[in-house]
Amino acid sequence: MERNKLSRRHFIQMSAFGVGSLLLFPQCSPQLRKSSWRFFSVEEAFLMDTIVEQIIPTDEWMGARDAGVTNFIDKQLVGPYVRFQEKYRNGLSAIQSSCHILFRKPFEELSWDEQTGFLKMMETGKLSQTLESRDPSQKGEKIWENNFDRSFFNLVCDHTMQGFYGSPRHGGNKDYVSYRMIGLDYPFTIGQNRYKS
Amino acid sequence: MKNKHVNAIVVGSGAGGGVAAKELSVAGMSVVLFERGGWVTLDDHDHDELISQRTTVLGNAYGPDDKSNRRVRISQGGDKSILLPSEGGYDNVAACVGSGTVSYGAMGWRFMPEDFKMKTTYGHVEGSTLDDWPITYDDLEPCYEKAEWEIGVAGDDSQNPFASPRKKPQPMPPFPHNKEGRMLEAAARRLGFHPFPIPMLRNSVPYGGRPQCYRMRTCVGFACPVNAKCGTQNTVIPVALNSGNCELRTHCVVSKINVNDQGLITGVSYFDESGKAQIQTADVVVVAASATETARLLLNSKSGFFPDGIGNENGWVGRNLQGHAYCGAWGIFNEDVYDDCGSGATVAISDFNHHNDNIIGGGVLCNEFIRLPYQFSTIRPSGASRWGLEHKKFQERNYKRVARVCGPYQQIPSFDARVDVDPDVKDFWGIPVARISGTANIKDSKGTAFMASKAELWLKEAGAEQTWQTGVVTGVRAAGGGQHQAGTCRMGNDPKTSVCDKFGRVHSVPNLFVADGSLHVTNGGFNPALTIMALGYWVGGYIASEWSKGNRFK
């Protein structure tokens, strides 16, 4: 519960910056809303923050949200991961549609444990079945055709690990948090230490 | 302007081609050495896990690049997928001067005499093309010695009772063990195994005008920032260039081997750095482009004389693709075993390379190179969380408490494991791409289970509190060579069941040679780089000595 409050507070903090338009002009359609992200819309980025925080949560060390993992993924999606753009667009929208069917609210408004349970359903490929049993008239099965629930979760999970445990130069692992956490000195103190920024 | 005719063309500047170019040019032959990539410069020496040759998720540090290159894979169910070089399953080998030898883990193993006589040692294996090499260990021994001294190996075989016989010791003293290595060495002795330091193509002392190794964390998968790792790019290729007889053409992609109407090779067609199609003529062509790309080039060189590709009269080019079935175990200890001393791998045992009960072959077992943080995030015992707080805590608690023992199990060759060319997919230059299909031999499963159980035993003896096995082959496994790819143009005495003769010459063509891992009949239970270098000396040395006797290979 505490986590949910945290993420709400975070949302409000974010809104104070470039995200303000969402609150000021809630009537705007998503396409018109200006995003400061490279690929994600403001809503998508907020959803991503919530998901990656589940994958690597905050404890005494920063979690994936604060370490900039959404920023890492956003950056790669207009670079080497351009081929995954469609998957993210469809996957994130499918997560929200599924949440509306199951909970009548968006993913980020679920409790921490509900979010975890939802992602576990994706991971095990059980989301599409659950959707169908809950509401046979809905097109739940179709949203996640060909085990897309499982494959999309695996993709986001893998990219989250890359963003959190990879080099900060790619936009994640803020302040070398993961290296400090596991006790690796970084940057190197031996050999040469040359970076292309 | 037409390119000037030369005596020899070498395609590929890696372990085999770099050596062959040096052997030919110092013997006085004029040589053009083609490399599809460029030089790795100091600017490229970063330590970024996500762009390396080990973990390639955001791209290969030293090529090939995702823009221009593709490969096709056919799954066991017959599904076709198109792969980028940064994706798993592509089996990338670095595209740069020196190729894989720039960024390899640099283990410098000699194969054992049995590795050249697998059929004699183990008999005919049903469903496999397992065979003897047409050359023996003794034939290749002088070439191993040259590779060790000209390129540089740190090691001490006297501690390994199973080591192949040698005339001369390795030129540099072995590396001392890191913490993990010391712990595992003691445990191996208690178990009655015979531990010894891993031979490394890395400078344990200043050698060849280059400095001593710094023992960095980011070694395997990365170029060395101080040039302490010995590759062809900082040893034999500079010697070739300094001979005045060798011209290195970088960023050139060879598309076809050209043939005249007598079936003799006249040279190659290639695309230069600006993408312009060019022709280079030569008396002799040596192909050393890696097991995947060598086979692809031969198969793409179709002509009236060779309608199915050069050397492919019997359909053997691209067959018997092998790599290694990497198997072993992980162990978690109750104290830190990690001391940040690169490259990480220091101790090995060769007790299980051969003569194991009911197993064909075997392999060396070593402690593993350093796992970087992202790579470690995928390493969990079965049943452990793959994400969430538990996953994060595991990473925090165990990154420095985990050791791995593993090794390259010698794969049993399978005719069905194959590289050919895709009829539809082409690369940036319009050249049909390599297509990998078929399955590895089913008999690998028993051997990998055996090796993994020994690795687990070793870790337990060293004090691991929790252990689990990895890489045990169960059921049918897709073909693939990884970075140890080999076998696609195997050498042999019978032209019906091999592509090249014992000197690497393509049976049906007098002036075309292969000088890379494609020649391997079997791939040994070791990392293959030093053997590929030795074959570079074997093939290059043969051509050079014949040339000096007046043989023009016509």
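Using protein chains only and a probe of 1.4 angstrom, how many square angstrom of B:THR439 are accessible, to the nearest 10?
30
Share of antiparallel DSSP beta bridges in the protein assembly as shown, in percent to the nearest 5?
Percentage antiparallel, nearest 5: 70.
Span-like helices, chain B: DSSP H, alpha-carbon axial extent 18 Å or more, mean Kyte-Doolittle 0.5 or greater, which ones?
B:529-548
Using a 1.4 Å probe and ignoring any ligands, DNA or RNA, find the accessible area of B:ARG182 and quote it in Å² to the nearest 10.
130
According to a simple spin-label model (label point 7 Å from Cα along Cα-to-Cβ), what is the distance in nm between B:VAL476 and B:LYS276?
5.0
As a test question: what accessible area, to the nearest 10 Å², does B:HIS251 have when a 1.4 Å probe is rolled over all protein chains in place?
80
Could you compute how fast the range B:300-370 diffuses translationally, taking Rh as the Kirkwood radius over C-alpha pairs and applying Stokes-Einstein at 25 °C with viscosity 0.890 mPa s? Give it in µm² per second.
Rounded, D is 145 µm²/s.
Based on the alpha carbon coordinates of the protein assembly as shown, what radius of gyration and maximum Cα-Cα distance (Dmax) apply, in Å?
Gyration radius and largest Cα-Cα distance of the protein assembly as shown: 27.1, 87 Å.
How large is Rg/Rh for the range B:71-140, to two decimals, with Cα atoms and a Kirkwood Rh?
For the range B:71-140, the value is 1.11.
Using a Förster radius of 22 Å, what is the FRET efficiency between A:PHE103 and A:SER133 based on their Cβ-Cβ separation? Nearest 0.05, please.
The calculated FRET efficiency here is 0.90.
Quick one: of B:LYS302/B:LYS426; A:LYS120/B:LYS392; A:LYS75/B:LYS392, which pairs are farther than 18 Å apart, Cα to Cα?
Those over the limit are A:LYS75/B:LYS392.
Quick one: ranking B:ASP131, B:ASP272 by accessible area, 1.4 Å probe, largest first, what do you get?
B:ASP131, B:ASP272
Can you put A:SER97, B:SER68 in order of accessible area, largest first, using a 1.4 Å probe?
Largest to smallest exposure gives the sequence A:SER97, B:SER68.
Any number yet on Rg/Rh for the range B:407-495, C-alpha, Kirkwood?
The Rg/Rh ratio comes out at 1.13.
Determine by what factor the alpha-carbon radius of gyration of chain B differs from 2.2 N^0.38 Å, reporting the quotient.
Relative to the 2.2 N^0.38 Å estimate, chain B comes out at 0.92.
So for the range A:41-176, considering every pair of alpha-carbon atoms, how many percent are separated by more than 18 Å?
Result for the distance tail: 53 percent.
For the cross-link pairs B:LYS22/B:LYS117; B:LYS22/B:LYS549; A:LYS126/B:LYS443; B:LYS117/B:LYS446, which exceed 24 Å when the distance is taken from alpha carbon to alpha carbon?
Distance filter (> 24 Å) returns B:LYS22/B:LYS117; A:LYS126/B:LYS443.
Express the relative contact order of the range B:324-459 as a whole percentage, based on alpha carbon pairs under 8 Å and six or more residues apart in sequence.
Averaging sequence separation for qualifying contacts and normalising by length gives 36 percent for the range B:324-459.
Working with all protein chains in place, sort B:TYR144, B:TYR207 by solvent-accessible area computed with a 1.4 Å probe, largest first.
From most exposed to least exposed: B:TYR207, B:TYR144.
Would you mind computing, in nm to one decimal, how far apart the modelled labels at B:HIS251 and B:LYS4 are, each placed 7 Å from Cα along Cα→Cβ?
2.3
The values are calculated or read from the model by the stated rules, or taken from the named source; none is laboratory data. Model, not experiment: these values are computed from the prediction. Backbone-built Cβ (ideal geometry, glycine too); neighbour counts: all protein chains shown. Only protein heavy atoms, including side chains, enter the accessible area calculation; ligands, DNA and RNA are left aside. Shrake-Rupley method; radii C 1.70, N 1.55, O 1.52, S 1.80 Å.
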